[in-house]
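Data block below; observations after.
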Amino acid sequence: MPPRTVDVAVVGGGCSGLAVAGELSRRAPELEVLVLEGRTRPDPRVWCSWDDGSDPVPEARSASWDRWEVRTRAGISTGTDPDHPYRMVRAEDRREAVDRRLAESRVAVVDGAAVHDFDRRAHDGRHVLQTGAGTVEARLVVDATGHDPLPSPQHGAVLLHQRFVGLWISTARPVFDPTTVTLMDFTDAPDDQVRFVYVLPVSPTEALVESTVFTPERRSSIDFRAHVRDYVHRRWGLEPHEWTVTGSESGCVPMTDAAPPRPGGDATIATVAGVVRPSSGYGYARAHRHAPTVVDHLLDGTPAPAFRDTWRTRALDAVFLRFLRDRPDAAPEAFRRLFTLPGPLVVRFLTERSTPRDELRIVLVLPKAPFVAALLRTVRETCVARWRRSACRA
(Lines give C-alpha, C1' and ligand atoms only; values in the text may rest on other atoms or scores of the structure.)
Protein backbone atom coordinates (compact mmCIF):
# COMPACT_ATOMS: atom_id res chain seq x y z
CA MET A 1 0.00 0.00 0.00
CA PRO A 2 1.52 3.38 -0.94
CA PRO A 3 1.94 5.97 1.82
CA ARG A 4 -0.96 8.28 2.44
CA THR A 5 0.17 11.86 1.74
CA VAL A 6 -1.42 14.78 3.60
CA ASP A 7 -0.62 18.39 4.38
CA VAL A 8 -0.85 18.05 8.17
CA ALA A 9 -0.71 14.97 10.41
CA VAL A 10 -2.02 15.45 13.96
CA VAL A 11 -0.70 12.76 16.30
CA GLY A 12 -3.33 12.15 18.98
CA GLY A 13 -7.09 12.59 18.77
CA GLY A 14 -7.72 13.80 22.31
CA CYS A 15 -8.76 17.26 23.44
CA SER A 16 -5.69 19.12 22.11
CA GLY A 17 -5.43 17.18 18.86
CA LEU A 18 -9.07 17.72 17.91
CA ALA A 19 -8.86 21.38 18.94
CA VAL A 20 -5.94 21.99 16.57
CA ALA A 21 -7.59 19.98 13.77
CA GLY A 22 -10.80 21.97 14.12
CA GLU A 23 -8.90 25.26 14.08
CA LEU A 24 -7.05 24.16 10.92
CA SER A 25 -10.36 23.31 9.22
CA ARG A 26 -11.63 26.84 9.92
CA ARG A 27 -8.46 28.75 9.13
CA ALA A 28 -7.05 26.70 6.25
CA PRO A 29 -9.90 24.65 4.74
CA GLU A 30 -7.79 23.87 1.67
CA LEU A 31 -5.34 21.76 3.69
CA GLU A 32 -5.79 18.00 3.99
CA VAL A 33 -5.49 17.11 7.67
CA LEU A 34 -5.24 13.61 9.13
CA VAL A 35 -5.75 13.01 12.86
CA LEU A 36 -4.04 9.80 14.00
CA GLU A 37 -5.79 8.39 17.08
CA GLY A 38 -4.32 5.30 18.69
CA ARG A 39 -7.47 4.12 20.46
CA THR A 40 -9.81 1.66 18.79
CA ARG A 41 -12.54 1.98 21.43
CA PRO A 42 -14.39 5.07 22.69
CA ASP A 43 -12.29 7.30 24.92
CA PRO A 44 -13.60 6.91 28.51
CA ARG A 45 -12.23 10.21 29.76
CA VAL A 46 -14.25 13.12 31.11
CA TRP A 47 -13.10 16.74 30.88
CA CYS A 48 -14.42 19.58 33.02
CA SER A 49 -13.93 23.33 33.12
CA TRP A 50 -15.72 26.56 33.88
CA ASP A 51 -17.27 27.88 30.69
CA ASP A 52 -15.13 30.82 29.56
CA GLY A 53 -16.51 30.89 26.02
CA SER A 54 -13.41 29.32 24.46
CA ASP A 55 -14.91 25.94 23.52
CA PRO A 56 -15.44 25.89 19.72
CA VAL A 57 -17.78 22.89 20.06
CA PRO A 58 -20.16 23.92 22.89
CA GLU A 59 -22.79 21.41 21.78
CA ALA A 60 -20.50 18.63 23.05
CA ARG A 61 -21.42 19.54 26.64
CA SER A 62 -22.62 16.47 28.53
CA ALA A 63 -23.75 18.23 31.74
CA SER A 64 -23.30 21.53 33.57
CA TRP A 65 -23.80 23.00 37.04
CA ASP A 66 -24.24 26.55 38.31
CA ARG A 67 -23.40 25.58 41.87
CA TRP A 68 -20.40 23.84 43.44
CA GLU A 69 -19.07 22.99 46.88
CA VAL A 70 -15.92 22.06 48.79
CA ARG A 71 -16.33 19.87 51.88
CA THR A 72 -13.93 19.52 54.81
CA ARG A 73 -14.23 18.45 58.43
CA ALA A 74 -14.45 22.18 59.27
CA GLY A 75 -17.48 22.81 57.08
CA ILE A 76 -18.78 23.28 53.55
CA SER A 77 -18.04 26.19 51.20
CA THR A 78 -20.35 26.77 48.25
CA GLY A 79 -20.15 28.99 45.19
CA THR A 80 -22.07 29.92 42.08
CA ASP A 81 -21.51 31.87 38.85
CA PRO A 82 -24.46 31.46 36.44
CA ASP A 83 -22.57 33.30 33.70
CA HIS A 84 -19.74 30.74 33.79
CA PRO A 85 -21.19 27.32 34.70
CA TYR A 86 -19.06 24.32 35.46
CA ARG A 87 -19.25 22.09 32.37
CA MET A 88 -18.57 18.41 31.85
CA VAL A 89 -17.67 16.97 28.45
CA ARG A 90 -17.35 13.26 27.88
CA ALA A 91 -14.63 12.49 25.35
CA GLU A 92 -17.03 10.22 23.45
CA ASP A 93 -19.63 13.00 23.14
CA ARG A 94 -17.00 15.48 22.00
CA ARG A 95 -15.70 13.10 19.35
CA GLU A 96 -19.22 12.67 17.94
CA ALA A 97 -19.77 16.44 17.87
CA VAL A 98 -16.41 17.05 16.17
CA ASP A 99 -17.09 14.32 13.61
CA ARG A 100 -20.36 16.04 12.69
CA ARG A 101 -18.64 19.39 12.28
CA LEU A 102 -15.81 17.96 10.19
CA ALA A 103 -18.03 15.81 7.96
CA GLU A 104 -17.80 18.23 5.02
CA SER A 105 -14.19 19.29 5.62
CA ARG A 106 -10.83 17.94 4.50
CA VAL A 107 -10.06 16.73 8.04
CA ALA A 108 -10.21 12.98 8.69
CA VAL A 109 -9.85 11.20 12.04
CA VAL A 110 -8.51 7.65 11.87
CA ASP A 111 -8.84 5.32 14.88
CA GLY A 112 -6.37 2.53 15.60
CA ALA A 113 -3.58 4.60 14.05
CA ALA A 114 -1.08 4.78 16.90
CA VAL A 115 2.21 6.21 15.67
CA HIS A 116 4.97 3.63 16.14
CA ASP A 117 7.79 5.56 14.50
CA PHE A 118 8.08 9.21 13.60
CA ASP A 119 10.97 10.65 11.58
CA ARG A 120 11.37 14.14 13.01
CA ARG A 121 13.67 15.12 10.12
CA ALA A 122 11.89 16.12 6.96
CA HIS A 123 12.97 14.42 3.73
CA ASP A 124 12.03 16.14 0.48
CA GLY A 125 9.85 18.46 2.52
CA ARG A 126 7.88 15.67 4.25
CA HIS A 127 7.90 13.70 7.47
CA VAL A 128 7.28 9.95 7.48
CA LEU A 129 5.09 8.43 10.20
CA GLN A 130 4.65 4.69 10.68
CA THR A 131 1.22 4.08 12.16
CA GLY A 132 -1.13 1.25 12.98
CA ALA A 133 -3.07 2.20 9.86
CA GLY A 134 -0.07 2.31 7.51
CA THR A 135 2.56 4.84 6.48
CA VAL A 136 1.70 8.52 6.40
CA GLU A 137 3.71 11.32 4.83
CA ALA A 138 3.00 14.88 5.94
CA ARG A 139 4.49 18.31 5.33
CA LEU A 140 3.51 19.51 8.82
CA VAL A 141 3.14 17.47 12.01
CA VAL A 142 1.38 18.33 15.27
CA ASP A 143 2.34 16.10 18.22
CA ALA A 144 -0.67 16.28 20.53
CA THR A 145 0.07 13.20 22.60
CA GLY A 146 0.67 15.32 25.69
CA HIS A 147 3.97 13.90 26.93
CA ASP A 148 4.52 14.64 30.60
CA PRO A 149 6.98 17.48 31.24
CA LEU A 150 9.20 15.90 33.89
CA PRO A 151 11.49 18.44 35.57
CA SER A 152 14.64 17.50 37.44
CA PRO A 153 14.24 18.18 41.18
CA GLN A 154 17.78 19.59 41.31
CA HIS A 155 16.68 22.37 38.98
CA GLY A 156 14.23 23.67 41.57
CA ALA A 157 10.97 22.60 39.93
CA VAL A 158 8.11 20.96 41.81
CA LEU A 159 6.33 17.98 40.30
CA LEU A 160 3.17 16.50 41.75
CA HIS A 161 1.12 13.77 40.14
CA GLN A 162 -2.65 14.14 40.22
CA ARG A 163 -3.70 10.51 40.21
CA PHE A 164 -7.37 9.56 40.04
CA VAL A 165 -9.83 6.75 39.48
CA GLY A 166 -13.47 7.57 38.86
CA LEU A 167 -16.47 5.24 38.82
CA TRP A 168 -19.73 5.98 37.06
CA ILE A 169 -22.36 4.88 39.57
CA SER A 170 -26.02 4.08 39.03
CA THR A 171 -28.14 3.80 42.17
CA ALA A 172 -31.38 1.98 42.96
CA ARG A 173 -32.78 5.04 44.74
CA PRO A 174 -32.29 8.80 44.24
CA VAL A 175 -29.45 10.09 46.43
CA PHE A 176 -27.49 12.61 44.31
CA ASP A 177 -28.18 16.33 44.06
CA PRO A 178 -27.86 17.11 40.33
CA THR A 179 -27.80 20.87 41.00
CA THR A 180 -24.42 20.85 42.76
CA VAL A 181 -21.01 19.43 41.87
CA THR A 182 -18.69 18.46 44.72
CA LEU A 183 -15.31 19.72 43.58
CA MET A 184 -13.47 18.40 46.62
CA ASP A 185 -14.56 16.42 49.66
CA PHE A 186 -11.72 16.24 52.20
CA THR A 187 -13.78 14.91 55.10
CA ASP A 188 -11.72 11.70 55.36
CA ALA A 189 -8.40 13.09 54.06
CA PRO A 190 -5.24 11.87 55.85
CA ASP A 191 -2.86 14.55 57.13
CA ASP A 192 0.05 13.32 55.01
CA GLN A 193 -1.75 13.44 51.64
CA VAL A 194 -3.77 15.89 49.56
CA ARG A 195 -6.57 13.42 48.97
CA PHE A 196 -10.24 14.07 48.18
CA VAL A 197 -13.36 12.82 46.40
CA TYR A 198 -14.85 14.57 43.37
CA VAL A 199 -18.55 14.07 42.53
CA LEU A 200 -20.25 14.93 39.23
CA PRO A 201 -23.99 14.15 39.64
CA VAL A 202 -25.81 14.05 36.31
CA SER A 203 -29.13 12.86 37.74
CA PRO A 204 -30.56 11.83 41.12
CA THR A 205 -29.44 8.25 40.40
CA GLU A 206 -26.25 8.67 38.34
CA ALA A 207 -22.91 10.30 39.12
CA LEU A 208 -19.19 10.07 38.50
CA VAL A 209 -17.51 9.58 41.88
CA GLU A 210 -13.75 10.03 41.68
CA SER A 211 -10.99 9.38 44.20
CA THR A 212 -8.06 11.76 43.69
CA VAL A 213 -4.65 12.29 45.28
CA PHE A 214 -1.83 14.79 44.67
CA THR A 215 1.43 12.96 45.29
CA PRO A 216 5.14 13.42 44.50
CA GLU A 217 5.33 9.72 43.60
CA ARG A 218 4.44 8.75 40.04
CA ARG A 219 3.01 5.43 41.24
CA SER A 220 0.68 4.87 44.15
CA SER A 221 -0.43 1.90 46.23
CA ILE A 222 -3.77 3.54 47.07
CA ASP A 223 -6.83 1.40 46.41
CA PHE A 224 -8.87 4.12 44.72
CA ARG A 225 -11.87 1.89 44.04
CA ALA A 226 -12.11 0.88 47.69
CA HIS A 227 -11.94 4.57 48.61
CA VAL A 228 -14.91 5.26 46.32
CA ARG A 229 -16.87 2.32 47.76
CA ASP A 230 -16.28 3.53 51.32
CA TYR A 231 -17.24 7.07 50.38
CA VAL A 232 -20.50 5.99 48.71
CA HIS A 233 -21.51 4.15 51.86
CA ARG A 234 -20.42 6.90 54.25
CA ARG A 235 -21.97 9.86 52.44
CA TRP A 236 -25.17 8.40 51.01
CA GLY A 237 -25.64 5.27 53.11
CA LEU A 238 -25.70 3.04 50.03
CA GLU A 239 -25.16 -0.66 50.56
CA PRO A 240 -23.28 -2.64 47.88
CA HIS A 241 -26.51 -4.10 46.46
CA GLU A 242 -27.99 -0.62 45.99
CA TRP A 243 -25.59 0.61 43.31
CA THR A 244 -23.70 -0.61 40.28
CA VAL A 245 -20.66 0.59 38.35
CA THR A 246 -21.52 1.41 34.73
CA GLY A 247 -18.16 2.80 33.62
CA SER A 248 -14.82 4.11 34.83
CA GLU A 249 -11.93 6.41 34.04
CA SER A 250 -8.43 6.77 35.45
CA GLY A 251 -5.37 8.83 34.80
CA CYS A 252 -2.36 10.75 36.05
CA VAL A 253 -2.00 14.49 35.37
CA PRO A 254 1.37 16.19 35.94
CA MET A 255 1.28 19.38 38.03
CA THR A 256 4.58 21.21 37.69
CA ASP A 257 6.09 24.69 37.63
CA ALA A 258 8.90 23.55 35.36
CA ALA A 259 9.47 25.97 32.49
CA PRO A 260 7.76 24.79 29.30
CA PRO A 261 10.06 23.58 26.54
CA ARG A 262 11.25 26.17 24.10
CA PRO A 263 10.12 25.73 20.52
CA GLY A 264 12.58 23.79 18.40
CA GLY A 265 14.15 25.07 15.24
CA ASP A 266 11.98 22.93 12.95
CA ALA A 267 8.85 24.94 12.23
CA THR A 268 7.22 21.96 10.48
CA ILE A 269 6.68 20.21 13.86
CA ALA A 270 4.51 21.61 16.65
CA THR A 271 4.31 19.95 20.05
CA VAL A 272 1.15 20.57 22.07
CA ALA A 273 1.96 19.82 25.70
CA GLY A 274 1.97 21.54 29.06
CA VAL A 275 -1.50 23.14 28.76
CA VAL A 276 -2.54 21.79 32.17
CA ARG A 277 -2.56 24.47 34.86
CA PRO A 278 0.10 23.55 37.44
CA SER A 279 -1.91 24.34 40.57
CA SER A 280 -5.20 22.68 39.57
CA GLY A 281 -4.72 20.14 36.78
CA TYR A 282 -7.36 21.80 34.59
CA GLY A 283 -6.47 21.87 30.90
CA TYR A 284 -9.60 21.51 28.75
CA ALA A 285 -10.31 25.21 28.19
CA ARG A 286 -6.60 26.02 28.02
CA ALA A 287 -6.16 23.55 25.17
CA HIS A 288 -8.79 25.42 23.17
CA ARG A 289 -7.23 28.80 23.91
CA HIS A 290 -3.81 27.51 22.82
CA ALA A 291 -4.95 25.88 19.55
CA PRO A 292 -5.16 29.18 17.57
CA THR A 293 -1.59 30.03 18.59
CA VAL A 294 -0.33 26.65 17.37
CA VAL A 295 -2.13 27.08 14.05
CA ASP A 296 -0.86 30.66 13.67
CA HIS A 297 2.73 29.46 13.81
CA LEU A 298 2.16 26.41 11.63
CA LEU A 299 0.67 28.55 8.88
CA ASP A 300 3.35 31.23 9.27
CA GLY A 301 6.17 28.67 9.15
CA THR A 302 7.53 29.57 12.59
CA PRO A 303 8.11 27.28 15.61
CA ALA A 304 5.00 27.01 17.79
CA PRO A 305 5.62 28.06 21.41
CA ALA A 306 4.43 26.14 24.45
CA PHE A 307 1.45 27.42 26.40
CA ARG A 308 2.66 30.05 28.85
CA ASP A 309 0.80 31.82 31.64
CA THR A 310 1.34 35.39 32.77
CA TRP A 311 4.11 35.97 35.29
CA ARG A 312 1.56 36.56 38.07
CA THR A 313 -0.15 33.22 37.42
CA ARG A 314 3.20 31.43 37.25
CA ALA A 315 4.33 32.95 40.53
CA LEU A 316 1.10 32.12 42.37
CA ASP A 317 1.10 28.57 41.03
CA ALA A 318 4.74 28.02 42.03
CA VAL A 319 3.97 29.05 45.61
CA PHE A 320 0.78 26.97 45.70
CA LEU A 321 2.58 23.84 44.44
CA ARG A 322 5.15 24.11 47.22
CA PHE A 323 2.38 24.60 49.73
CA LEU A 324 0.66 21.41 48.50
CA ARG A 325 3.94 19.50 48.51
CA ASP A 326 5.08 20.57 51.97
CA ARG A 327 1.81 21.08 53.89
CA PRO A 328 -0.76 18.52 52.73
CA ASP A 329 -2.34 18.71 56.17
CA ALA A 330 -3.27 22.37 55.57
CA ALA A 331 -4.62 21.88 52.03
CA PRO A 332 -8.29 21.16 52.94
CA GLU A 333 -8.63 24.40 54.91
CA ALA A 334 -6.90 26.40 52.16
CA PHE A 335 -9.29 25.13 49.50
CA ARG A 336 -12.30 25.66 51.78
CA ARG A 337 -11.28 29.25 52.42
CA LEU A 338 -10.65 29.90 48.73
CA PHE A 339 -14.20 28.84 47.89
CA THR A 340 -15.71 31.09 50.56
CA LEU A 341 -14.94 33.97 48.19
CA PRO A 342 -17.60 35.11 45.67
CA GLY A 343 -18.08 32.56 42.91
CA PRO A 344 -17.26 34.89 39.98
CA LEU A 345 -13.97 35.90 41.63
CA VAL A 346 -12.93 32.28 42.17
CA VAL A 347 -13.87 31.38 38.60
CA ARG A 348 -11.87 34.32 37.22
CA PHE A 349 -8.84 33.04 39.14
CA LEU A 350 -9.27 29.42 38.05
CA THR A 351 -9.71 30.43 34.40
CA GLU A 352 -6.69 32.77 34.33
CA ARG A 353 -8.80 35.95 34.07
CA SER A 354 -8.20 37.31 37.57
CA THR A 355 -7.12 40.87 38.28
CA PRO A 356 -4.41 41.91 40.79
CA ARG A 357 -7.21 42.91 43.14
CA ASP A 358 -8.77 39.44 42.85
CA GLU A 359 -5.44 37.83 43.61
CA LEU A 360 -4.88 40.07 46.64
CA ARG A 361 -8.26 39.03 48.05
CA ILE A 362 -7.30 35.38 47.53
CA VAL A 363 -3.94 35.83 49.25
CA LEU A 364 -5.60 37.55 52.22
CA VAL A 365 -8.17 34.78 52.76
CA LEU A 366 -5.67 31.88 52.70
CA PRO A 367 -3.83 30.60 55.81
CA LYS A 368 -0.94 33.03 56.28
CA ALA A 369 1.84 31.04 57.96
CA PRO A 370 2.04 28.05 55.57
CA PHE A 371 1.79 30.27 52.48
CA VAL A 372 4.48 32.67 53.72
CA ALA A 373 6.69 29.64 54.29
CA ALA A 374 5.88 28.37 50.78
CA LEU A 375 6.70 31.80 49.34
CA LEU A 376 10.09 31.83 51.05
CA ARG A 377 10.84 28.31 49.82
CA THR A 378 9.86 29.32 46.29
CA VAL A 379 12.24 32.29 46.35
CA ARG A 380 15.06 30.20 47.80
CA GLU A 381 14.62 27.28 45.39
CA THR A 382 14.32 29.61 42.40
CA CYS A 383 17.53 31.44 43.35
CA VAL A 384 19.42 28.19 43.88
CA ALA A 385 18.20 26.82 40.53
CA ARG A 386 19.29 29.98 38.72
CA TRP A 387 22.71 29.89 40.40
CA ARG A 388 23.21 26.25 39.40
CA ARG A 389 22.21 26.96 35.79
CA SER A 390 24.66 29.86 35.68
CA ALA A 391 27.41 27.68 37.16
CA CYS A 392 26.74 24.96 34.56
CA ARG A 393 26.93 27.45 31.70
CA ALA A 394 30.18 28.84 33.09
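The values are calculated or read from the model by the stated rules, or taken from the named source; none is laboratory data. Quantities reported herein were computed from a predicted structural model and do not represent experimental measurements. Glycine gets a Cβ as well: all are built from the backbone with ideal geometry, and neighbour counts include every protein chain shown.
A few notes on this one:
- Members of region 274-302 that are surrounded by fewer than 17 Cβ atoms within 10 Å (Cβ to Cβ) and over 19 Å from the mean Cα position of the chain (by Cα): Asp296, His297, Leu299, Asp300, Gly301, Thr302
- Test: Arg289 is among the basic types (Lys, Arg) and outside the structural domain of Val57 (by TED's automatic domain parsing): no
- Residue within region 372-381 that is surrounded by fewer than 17 Cβ atoms within 10 Å (Cβ to Cβ) and within 21 Å of the chain's Cα centre (by Cα) present: no
- Close Cβ contacts (under 7 Å, 6 or more residues apart or on different chains) running from residues in region 45-66 that are under 10 Å from Val89 (Cβ atoms) and in contact (Cβ under 8 Å) with a residue 60 or more places away in the chain to residues that are of a type outside the set (A, V, I, L, M, F, W, C) and assigned to a loop (DSSP other than H, G, I, E, B) comprise Ser49/Tyr282.
- Scope region 99-121; condition of a type in the set (Gly, Ala, Ser) and buried (at least 17 other Cβ atoms within 10 Å of the Cβ); matching residues: Ala113, Ala114
- Residue match in region 67-74 (condition: over 17 Å from the mean Cα position of the chain (by Cα), among the acidic types (Asp, Glu) and either surrounded by fewer than 16 Cβ atoms within 10 Å (Cβ to Cβ) or in a strand (DSSP E or B) (or both)): yes
- Filtering region 185-230 to residues that are among the β-branched types (Val, Ile, Thr), at pLDDT 95 or above and either within 22 Å of Ser49 (Cα to Cα) or assigned to a strand (DSSP E or B) (or both) leaves Val194, Val197, Val199, Val202, Val209, Thr212, Val213.
Here's the yes/no breakdown for (1) touching a residue at least 60 places away in the same chain (Cβ under 8 Å); (2) closer than 21 Å to Ala157 by Cβ; (3) in contact with a helix residue (DSSP H, G or I) (Cβ under 8 Å, 6 or more places away or on another chain); (4) in a loop (DSSP other than H, G, I, E, B):
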{"site": "Arg262", "(1), (2), (3), (4)": "no, yes, no, yes"}
{"site": "Val275", "(1), (2), (3), (4)": "yes, yes, yes, yes"}
{"site": "Val294", "(1), (2), (3), (4)": "yes, no, yes, no"}
{"site": "Arg312", "(1), (2), (3), (4)": "no, yes, yes, no"}
{"site": "Leu321", "(1), (2), (3), (4)": "yes, yes, no, no"}
{"site": "Glu352", "(1), (2), (3), (4)": "yes, yes, yes, yes"}
{"site": "Arg357", "(1), (2), (3), (4)": "no, no, no, no"}
{"site": "Leu360", "(1), (2), (3), (4)": "no, no, no, no"}
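- Which numbered condition Ser77 fails, given (1) in contact with a helix residue (DSSP H, G or I) (Cβ under 7 Å, 6 or more places away or on another chain); (2) under 20 Å from Pro292 (Cα atoms); (3) crowded, with 20+ Cβ neighbours inside 10 Å: (2)
- Members of region 322-379 that are under 16 Å from Ile76 (Cα atoms) and among the polar types (S, T, N, Q): Thr340
- The one condition from (1) at negative phi; (2) within 28 Å of the chain's Cα centre (by Cα); (3) of a type outside the set (A, V, I, L, M) that Arg139 does not meet is (2).
- Residue check for Arg380: modelled with pLDDT of 95 or more, among the charged types (D, E, K, R) and more than 23 Å from Asp66 (Cα to Cα): no
- Matching option when the condition is of a type outside the set (Phe, Trp, Tyr), within 21 Å of the chain's Cα centre (by Cα) and exposed (fewer than 14 other Cβ atoms within 10 Å of the Cβ), among Pro240, Pro216: Pro216
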